[in-house]
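Have a look at the structure below before the remarks.
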């Protein structure tokens, strides 16, 4: 009887752990989660750089990482001349509104990202990092389908 109880308890514990783990999803070249407790999407380019778009604490953060060179740059760090470029059109990443009746720059880029096509390219650029190599947007609009700026802020 003890053995049976131990097996049942082990199975219940394993099931609870499996349910608590959030599995990542994939959309084209992008992977991550856009629901539940996490909102983070990541992709890699051919140069091995990693671009992440995440939402938490009512802010959107864009991060560029180079694992080979062991550095990262984040949109919330106060970098100079920081932009996310979609097909050479530069978008600011500030989460604060510049004017009361206007959307925050981060909202504008979030909405632009949701409307990208598989042919579009993203580049992270700042005075400190220079331009990243291009990132594909294949799958990004699918990952953001049905998601709004408010969904990002609510994370």
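The values are calculated or read from the model by the stated rules, or taken from the named source; none is laboratory data. On a predicted model such as this, the values are computed, not experimentally measured, just so you know. Cβ: placed from backbone, ideal geometry, glycine included. Neighbour counts: every protein chain shown.
Observations on the model:
- Considering (1) surrounded by 16 or more Cβ atoms within 10 Å (Cβ to Cβ); (2) in contact with a helix residue (DSSP H, G or I) (Cβ under 8 Å, 6 or more places away or on another chain); (3) modelled with pLDDT of 95 or more, the lone condition that residue 117 does not fulfil carries the number (1).
Residue by residue, here is whether (1) over 16 Å from the mean Cα position of the chain (by Cα); (2) closer than 20 Å to residue 151 by Cα holds:
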position	(1), (2)
54	no, yes
57	no, yes
61	no, yes
74	no, no
78	yes, no
84	no, no
87	yes, no
90	yes, no
94	no, yes
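Conditions (1) surrounded by 10 or more Cβ atoms within 10 Å (Cβ to Cβ); (2) at pLDDT 95 or above; (3) within 22 Å of residue 109 (Cα to Cα); (4) in contact with a strand residue (DSSP E or B) (Cβ under 7 Å, 6 or more places away or on another chain), marked per residue:
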position: 17; (1), (2), (3), (4): no, no, no, no
position: 20; (1), (2), (3), (4): no, no, no, no
position: 31; (1), (2), (3), (4): yes, yes, yes, yes
position: 35; (1), (2), (3), (4): yes, no, yes, no
position: 42; (1), (2), (3), (4): yes, yes, yes, yes
position: 51; (1), (2), (3), (4): yes, yes, yes, yes
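- Each residue in segment 120-155 was checked for being surrounded by fewer than 14 Cβ atoms within 10 Å (Cβ to Cβ) and touching a helix residue (DSSP H, G or I) at 6+ places or on another chain (Cβ under 8 Å), and 1 pass.
- Selection of segment 96-114 for residues being more than 22 Å from residue 146 (Cβ to Cβ) and surrounded by 13 or more Cβ atoms within 10 Å (Cβ to Cβ) yields 97, 105.
- Residue satisfying condition, being over 24 Å from residue 72 (Cα atoms) and touching a residue at least 40 places away in the same chain (Cβ under 8 Å), within set 106, 143, 118: 118
- Condition broken by residue 60, with the remaining ones in (1) in a strand (DSSP E or B); (2) in contact (Cβ under 8 Å) with a residue 40 or more places away in the chain; (3) closer than 13 Å to residue 132 by Cβ satisfied: (3)
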